[in-house]
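Peer 1: Questions regarding the structure given below will be posed in turn.
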């Protein structure tokens, strides 16, 4: 166990508005912030305070199935009431345009240890606001401190609610009669007809008043939903207004929670804040030394947002604890993704191994091993459900890669041995053939997949019955992953197996891998482009010569299926055609289907999703492949140049995190999910790798 000698200084990313141009200020105020709770729940909004997206909310709670994540507190209007009765709203404003006043009363915004802080100034009164969520609680704290407020000043807070599934249309009908407000002294409950309850209170509760004005319904304009072609106006209901006297030097904390009272009010707000700050300091200390400072350290804390204890999977949690484990999974992205198998396995090294959270990595691996069905791990767990969906051809093969990385970093042979039967079953089922047409072609030993209407690779955009990038057949990255998986399993059987039958199986698997490698190199190489086909034996037996980043896996994985003599050509082609400052394009610019911008309604966006759009996570496989071609120690420093665009991005999109995707051309506008697990994980991992954090332990050699 590592011990903390002296805590590192706070991580602060600061944005100042004083003196900024109007257009620049308006652009800043539309950027977003995110706070999470380790359960999949979160609080999120724009820096301005405006609610512009269906996914925004002061409290989006992760509730047990069948509810899933629910928007429980939509908005919190903040007003300073000065002596004499003047009332000054200072939060929750509509987003500003370039022609509006710069930032109103907002003078600055910062992330401090990845927790948001706003600074306002009104008539010489300084106001500081902070938002945090206690770890593993569906609770949010909004804390205000005031400096210079004259006697008789009061803070007024008006909460607004519309209990709905967080993905539901903002136009979902709202009926105020569905809500009942109950007072318990200075504590209040809002309960709906389904029994869902939001608990509200202020700390300290001296001189707290609540004006129950009969309830008010007002309409919010969700401008970001409008841009995406969705319903853009929605109603929320407020039961009344809190008011509290301001005392010099004393903070006021508004608490909203779906937890029981004894949980929500167990600690005073300053105790909760101190505990959470200490937890974040420990997270930085656990990480490998190369990522404990600067932008990389910010990503260590950003990585924490994705590692969750899934709320509501009571049976799974009970089984895990009986085995001495804890239930852990990975949220693929905020706001709308749940835990996805592919994203989890790709992200595992960056989220848990680079950050020193080895025990949680083991829990995640064992959790997914339990879910294996017919030789597949789940593609995803739908919101509010306990059972996964299995429509994926690559997630299970990434499982081998994740276990290999875990074993390499930790040297934990016991976990490999425990999971060996599952890994053997997976390979056996792939060789025999399993769901969705996934199986080995006996003619050449290569892996094929495909079922009408299904999108089984990571390039999985689908609109209705339209599969945008149909890749049925033999996809290049699937065969790279298959060769790696079979080679890894053969090595594990030799290293931790030990029986004669396992030794024979290892020999057989090496022959399977050798045949696949021979035919891969014979059939996937495209002399015309000097790189690899993306798919062979596709519809009608066709091959797809599109230049895509998928081919990098034939070089980047531990067991590279492509012959070394061809590595440089693949890497050079991808660097020339696909690399950007924020990741890799998904399609070469010369292709007729290339899309430079990801925007518009769902159909327009999905048409561009893998047809040029930049994905940040792909920088990881690219740097791995690039360093195989450039293995000199000095090349580590040179490889760091591919990460240079990310520090500035941490002040863009969702401040402190990395978006899912970006437009394919400058200015590479951030799009998609505002915080994506594999984006953060792979950039963080590459920071460590390019700083010289080389493998020190190797299970296979």
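We did not get these values from a lab; they are worked out from the coordinates using the rules stated. Quick caveat, the model's predicted, so the values are computed rather than measured. Using ideal geometry, Cβ is built from the backbone for each residue, glycine included, and neighbour counts are taken over all protein chains shown.
Peer 1: Can you tell me the Rg and Dmax of region 287-690, counting just the alpha carbons, in angstroms?
Peer 2: Computed over the Cα atoms of region 287-690, radius of gyration and Dmax are 19.9, 60 Å.
Peer 1: At 7 Å along the Cα-to-beta-carbon direction for both residue 87 and residue 499, put a label point, then send me their distance in nm to one decimal.
Peer 2: 7.5 nm
Peer 1: Report the Rg/Rh value for the chain, based on alpha-carbon coordinates and the Kirkwood definition of Rh.
Peer 2: Taking Rg over the Kirkwood Rh, I get 0.99.
Peer 1: Related question: If you rank 15, 127, 619 by fewest surrounding Cβ atoms within 10 Å, what's the result?
Peer 2: Going from sparsest to densest Cβ surroundings: 15, 127, 619.
Peer 1: Which of the peptides 589-602, 514-527 is most tightly packed, and how do the rest follow, judged by the mean count of other Cβ atoms within 10 Å per residue?
Peer 2: 514-527, 589-602
Peer 1: For a test of the definition: using alpha carbon positions, the gyration tensor, and the 1.5 limit on a/c, classify region 95-228 as rounded, prolate or oblate.
Peer 2: Oblate, since a/c reaches 1.5 and b/c is not below a/b.
Peer 1: Just subtract the alpha-carbon distance of residue 590 and residue 651 from 0.36 nm times their residue separation and send over the number in nm, one decimal.
Peer 2: My answer for the length gained is 18.8 nm.
Peer 1: Hey, another quick one. Just to verify a number: FRET efficiency for residue 597 and residue 432, C-beta to C-beta distance, R0 = 30 Å, to 0.05?
Peer 2: Taking R0 as 30 Å, the efficiency between residue 597 and residue 432 is 0.10.
Peer 1: Take the alpha carbon gyration tensor of region 12-278, find the square roots of its eigenvalues, order them as a ≥ b ≥ c, and report rounded if a/c is under 1.5; if not, report prolate when a/b exceeds b/c, else oblate.
Peer 2: Rounded, because the longest to shortest axis ratio a/c is under 1.5.
Peer 1: Measure nothing fancy, just the Cα-based angle from helix 395-410's long axis to the longest principal axis of the chain, in degrees from 0 to 90, nearest 10.
Peer 2: 80 degrees
Peer 1: Using only Cα atoms and rounding to the nearest 10 degrees, what angle (0 to 90) does helix 500-523 make with the longest principal axis of the chain?
Peer 2: 90 degrees
Peer 1: Label residue 165 and residue 640 with points 7 Å out from Cα along Cα→Cβ: what is the distance between them in nm?
Peer 2: So the label points at residue 165 and residue 640 sit 4.7 nm apart.
Peer 1: Could you work out how much longer the chain between residue 529 and residue 462 gets when fully extended? Use 0.36 nm per residue separation minus the Cα distance between them, nm to one decimal.
Peer 2: Result for the pair: 21.3 nm of gain on full extension.
Peer 1: May I ask you to derive the FRET efficiency for residue 293 and residue 247 from their Cβ-Cβ distance with R0 = 30 Å, giving the value to the nearest 0.05?
Peer 2: So the FRET efficiency works out to roughly 0.20.
Peer 1: Counting only C-alpha contacts under 8 Å and six or more residues apart, can you give the relative contact order of the chain as a whole percent?
Peer 2: Relative CO of the chain lands at 12 percent.
Peer 1: By per-residue mean of other Cβ atoms within 10 Å, what is the highest-first order of 476-486, 333-343, 271-281?
Peer 2: 476-486, 333-343, 271-281
Peer 1: Using only Cα atoms, find the angle between the long axis of helix 294-304 and the longest principal axis of the chain, and express it within 0 to 90 degrees, rounded to the nearest 10.
Peer 2: Approximately 90 degrees, to the nearest 10.
Peer 1: If you don't mind, another one. Taking 7 Å along the Cα-to-C-beta vector as the label spot, tell me the residue 326-residue 451 distance in nanometres, rounded to one decimal.
Peer 2: 3.6 nm
Peer 1: In what sequence do 630, 75 fall when counting other Cβ within 10 Å, fewest first?
Peer 2: With the sparsest Cβ surroundings first, the list reads 630, 75.
Peer 1: When 285, 262 are ordered from fewest to most other Cβ atoms inside 10 Å of their Cβ, what list results?
Peer 2: Final ranking by Cβ density, sparse to dense: 262, 285.
Peer 1: Add -39500 (n - 2.57) for each DSSP H run of 4 or more in the chain, then divide by its residues: what number comes out at 222 nm, to the nearest 500 deg cm²/dmol?
Peer 2: Helix-only estimate at 222 nm: -9000 deg cm²/dmol.
Peer 1: On full extension of the chain, what length is gained from residue 216 through residue 271, given 0.36 nm per residue of separation minus the C-alpha to C-alpha distance?
Peer 2: That pair, residue 216 and residue 271, stretches by 16.4 nm at full extension.
Peer 1: For a Förster distance of 35 Å, can you work out the FRET efficiency between the beta-carbons of residue 604 and residue 23, rounded to the nearest 0.05?
Peer 2: 0.85
Peer 1: For a test of the definition: using alpha carbon positions, the gyration tensor, and the 1.5 limit on a/c, classify region 192-275 as rounded, prolate or oblate.
Peer 2: Prolate, because a/c is 1.5 or more and a/b exceeds b/c.
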